[in-house]
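Worksheet: the structure to be examined is printed underneath.
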Amino acid sequence: MQVQILNISLPKDLVIQADLVAKKEYRSRSELIKDALMAYMRDRVVWDQIFVAGKKAAKKLGIKNEEDVYKIVEEYRHGKDSATSSS
C-alpha cells in the first residue's frame, strides 16, 4: 500500500481525545485517524445510497417537498393511507 504523509490541523482537545483512544486500543494515532476516515467514507456511501432510494420513492409517490411528506404522515396517522391507495 502506498502511503502519503499529510499535515492536518486539529483542535488540541480532539488530538488529546484521539491519543487517549489510540492508547486504549493499543494502536497509533495514525491508525486511529485512518480507520475513522475509512469508516466515514463507508458511511457516506451508504447514506448516498439511502438518499438515492429516497428520491426514487418520493418520485414514485409524487412527493415534491416536505409539506407533501407531512401530509402523508398526518393522513396515515388518522387512518387514511393515501400513499398506498393511489397504487
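From its DSSP helices (H runs of at least four residues, each -39,500 (n - 2.57)), the chain gives a residue-normalised ellipticity at 222 nm of -23500 deg cm²/dmol. Note on the chain: with charges restricted to the Cβ of Lys and Arg (+1) and Asp and Glu (-1), its dipole about the Cα centre is near 220 debye. Taking label positions 7 Å along the Cα-Cβ direction at both Leu14 and Ala58, the computed distance is 2.9 nm, reported to one decimal. Let's test the formula: R0 of 30 Å, r as the Cβ-Cβ distance of Phe51 and Met1. What FRET efficiency results, to the nearest 0.05? Efficiency computed from Cβ-Cβ geometry: 0.45.
Simple rule: put +1 on each Lys or Arg Cβ and -1 on each Asp or Glu Cβ in the chain, find the dipole, and look at Val3, Met41, Leu14; the Cα lying farthest toward the positive end is Val3. The lysine pair tally for the chain, using Cα distances under 25 Å and a gap of 8 or more places or different chains, is 17. Dividing the convex hull volume of the alpha carbon atoms of the chain by its residue count gives 209 Å³ per residue.
Val21: net charge of surrounding residues, Cβ under 12 Å, Lys/Arg +1, Asp/Glu -1, itself excluded? Spelling it out: positives minus negatives among the neighbours equals 0.
Read-outs throughout are calculated quantities, based only on the coordinates presented, and are distinct from any laboratory measurement. Because the structure is predicted, anything quoted here is derived from the model rather than measured. Counting neighbours? That spans all protein chains shown, and the Cβs are built from the backbone with ideal geometry, glycine included.
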